[in-house]
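K.L.:
Please read through the structure below; I'll follow up with questions.
Derivation of every value follows stated rules applied to the coordinates shown; laboratory data play no part. Please read all numbers here as calculations on a predicted model, not as lab measurements. Don't worry about glycine lacking a Cβ; one is built from the backbone with ideal geometry, like all the others, and counts go over all protein chains shown.
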């Protein structure tokens with residue numbers, strides 16, 4: 001979690017409460033030091049016909065460009 005770009009940095013006031021809650025969740029669910037979870041992955045296979053490029057123009061504004 002700490003390596004995620006959206007996680008609060010150590011100096012942020014939400015960092016310690018987040019870490020305490022994560023520890024609590026881990027402690028409630030761990031089995032021999034690990035937490036297991038099942039998930040399903042969907043794989044889509046195909047050939048790309050054109051490329052898409054997203055360009056950030058300003059906060060909240062993305063421009064989609066299609067290259068053929």
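K.L.:
What is the projected area of the convex hull of the Cα atoms of the chain, averaged over all directions, in nm²? Mind showing how you got there, number by number?
P.N.:
Values: hull surface 34.5 nm².
Averaged projected area of the chain's Cα convex hull equals 8.6 nm².
K.L.:
If you don't mind, there's one more thing I want to ask. Taking the mean number of other Cβ atoms within 10 Å as a proxy for protection, how do you rank 9-15, 31-37, 41-47 from highest to lowest? Each step should come with its number before you reach the end.
P.N.:
Values: 9-15: 9.3, 31-37: 6.9, 41-47: 4.1.
Order by mean packing, descending: 9-15, 31-37, 41-47.
K.L.:
Angle check, please: helix 15-29 long axis (alpha carbons) against the longest principal axis of the chain (alpha carbons), in degrees 0 to 90, nearest 10.
P.N.:
Tilt relative to the chain: about 70 degrees.
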